[in-house]
Every structure is written in structure tokens, then in C-alpha cells.
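The values are calculated or read from the model by the stated rules, or taken from the named source; none is laboratory data. Since the structure is predicted, the reported quantities are computational estimates derived from the model, not experimental observations. When we count neighbours, we look across all protein chains shown, and the Cβ atoms used for this are built from the backbone with ideal geometry, even at glycine. Surface accessibility is based on the protein's heavy atoms, side chains included, excluding ligands, DNA and RNA. Shrake-Rupley method; radii C 1.70, N 1.55, O 1.52, S 1.80 Å.
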Amino acid sequence: MILELDCGNSFIKWRLVSGGGASARCGGVVGADEELIQAVRKQLVSLRACRLVSVRTDEETGRLIDALERAFSIECVCAHPAGELAGVRNGYEQYERLGLDRWLALVGAYRQARQACLVLDLGTAVTSDFVDADGQHLGGFICPGVPLMRDQLRTHTRRTRYDDQLAERAMQSLAPGRSTAEAVERGCSLMLQGFVHTQLDMAREYWGEHFVVFLTGGDAALVVDMMPDARVVPDLVFIGLAIACPLR
């Protein structure tokens with residue numbers, strides 16, 4: 001089995017795949033290196049390698065790799081920035097500054113679509129990326145996601161405080177809120193939808209209707225009804241990771 005890791009600033013997303021990588025046997029999300037090692041050990045499988053993408057510092061990534069190699073006696077292969085990969089040309093003026101998770105997601109999307117695509121990753125932060133039919137990355141946008149917007153309001157506005165149960169109930173409708181929880185939760189959701197509308201309009205200006213939308217990230221469900229033809233691919237980063245770090 002191959003261990004695949006998407007190492008964010010706060011959490012590590014992991015999964016185990018066979019050599020072909022067609023589907024994941026299992027996976028999860030953890031908050032710490034040791035928690036990851038324990039979660040993988042519980043699967044009672046034989047690992048032959050690990051590949052990972054990390055947006056952490058080099059020091060933090062190095063510590064994780066050392067811990068994995070000691071724990072499982074495997075080689076860890078880490079994705080690195082690239083100016084071009086699998087027919088996609090990085091559109092950043094300094095290609096190494098494009099977040100590796102974004103880069104791998106758009107590479108994975110283009111490999112699947114083979115045509116112009118808009119990649120929307122709706123997580124703690126929200127990112128969008130545009131790739132034309134020839135594989136040229138045109139750039140993208142980054143803005144706060146719903147979790148960041150919500151947390152900022154809760155942290156910096158004294159009267160904007162409520163629990164998660166109220167937040168969940170507030171999202172049963174998008175009518176104007178009649179409580180603080182409803183106003184904040186629905187307002188954040190509408191801001192996210194407005195951002196997505198703008199990205200779709202921009203994509204249509206580029207390509208008319210000849211493009212594919214890819215949705216990934218934890219809040220994809222908040223906008224999927226806006227785009228019935230969108231491809232929802234939760235593991236888009238892992239698809240790109242397998243392209244960047246092939247293992248035989």
C-alpha cells in the first residue's frame with residue numbers, strides 16, 4: 001500500500017491506496033504527526049512508500065518525513081514546485097510561489113478534463129484557478145472561506161458569538177437572518193456564492209460555455225446546486241500528487 005498525505009497548516013489529510021492508486025482503501029484527517037502514525041498503524045497494512053504534498057515549513061515537513069521513515073521503514077517522496085507538469089504550465093510569475101496544493105489540484109483537474117477548466121477549492125481558505133484548453137494556467141484568486149469569515153466575526157465582534165448547534169440550524173434557509181447566528185452563517189454562505197458566481201462569469205468571458213468546473217474542499221456542498229454539471233472531486237489534490245510523484 002502507498003500512504004498519501006496532503007499536509008496543510010492545521011491538519012493532515014491522509015489515505016491509503018494500492019499501487020495502481022485507483023481508489024482509496026481508507027483515510028482520514030488528523031491534527032498532529034503522531035496522531036497520523038497511530039491512525040495508519042491501526043490499519044494493519046504493509047506500506048511500501050509514501051508520497052506527500054506539504055504547505056508547511058521545510059523544517060516541519062522534514063520532521064514529519066523523518067517520523068514516518070522511522071515508524072514504517074519506508075521512503076517518502078515529496079512534491080516540489082514546477083514550471084510545467086503533465087502538460088500544464090504554471091502561470092505564476094514566480095512559479096515556486098504558487099501553493100503546492102493548488103498546483104496539484106489544477107494539474108489533476110486538467111489531466112481529467114483535457115480542456116479549459118475552472119478549479120474551485122472551498123475550504124478554510126477559498127481558491128480559484130483558471131487553466132485554458134492548451135494547459136496554460138492563467139492565474140487565480142484567494143479569499144477567506146466560510147470558516148475564516150465566521151471565526152473573524154466571532155473573534156472580533158463581541159456580540160457575534162454562538163455555538164455550533166445554532167450555526168447548523170441557521171443554515172436550513174438563506175432567508176434574511178432573524179438572529180445573530182442566522183445572519184452570520186447565511187451572510188458568509190452568500191458571500192461564498194457571490195465569489196463563485198464571479199468566477200463562473202469570468203470563465204465564461206474566457207471560454208463561453210466550453211469549460212469544466214471542478215469543485216473540491218469541505219464547503220463544496222454549499223455551492224454545488226449552483227453548478228449541476230460541476231465535477232465534485234474531494235481528492236483532487238491526491239490525483240495531482242500521483243502525477244507529480246509516480247511510484248512503481
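A few points about this structure:
- Test: residue in the range 49-65 that is without any contact (Cβ under 8 Å) to a residue 12 or more places away in the chain and of a type in the set (A, V, I, L, M, F, W, C): no
- The requirement of being of a type outside the set (D, E, K, R), at pLDDT 90 or above and surrounded by 18 or more Cβ atoms within 10 Å (Cβ to Cβ) is not satisfied by residue 224.
- Candidate set from the range 160-172 (those that are closer than 17 Å to residue 221 by Cβ and modelled with pLDDT under 75); member that is surrounded by the fewest Cβ atoms within 10 Å (Cβ to Cβ): 164
- Selection count where residues are part of a helix (DSSP H, G or I), touching a residue at least 40 places away in the same chain (Cβ under 8 Å) and over 20 Å from residue 108 (Cα atoms), scope the range 208-248: 1
- The set of residues from the range 170-207 being of a type in the set (Gly, Ala, Ser) and either closer than 24 Å to residue 139 by Cα or part of a helix (DSSP H, G or I) (or both) comprises 170, 181, 183, 187, 189, 194, 203.
- Some residue of the range 14-26 being touching a residue at least 12 places away in the same chain (Cβ under 8 Å), open to solvent by less than 20 Å² (accessible area, probe 1.4 Å), within 19 Å of residue 218 (Cβ to Cβ) and not β-branched (Val, Ile, Thr): yes
- The range 185-196 residues that are touching a residue at least 60 places away in the same chain (Cβ under 8 Å), paired with ones that are of a type outside the set (A, V, I, L, M, F, W, C) and surrounded by 19 or more Cβ atoms within 10 Å (Cβ to Cβ) (beta carbon under 8 Å, 6 or more apart): 192/145; 192/219; 195/128
- Top-ranked residue of the range 39-60 - restricted to ones that are open to solvent by 30 Å² or more (accessible area, probe 1.4 Å) and of a type in the set (S, T, N, Q), ranked as farthest from residue 27 (Cα to Cα): 57
- Given (1) under 21 Å from residue 125 (Cβ atoms); (2) modelled with pLDDT under 90; (3) open to solvent by 50 Å² or more (accessible area, probe 1.4 Å); (4) not hydroxyl-bearing (Ser, Thr, Tyr), index of the condition residue 197 fails: (2)
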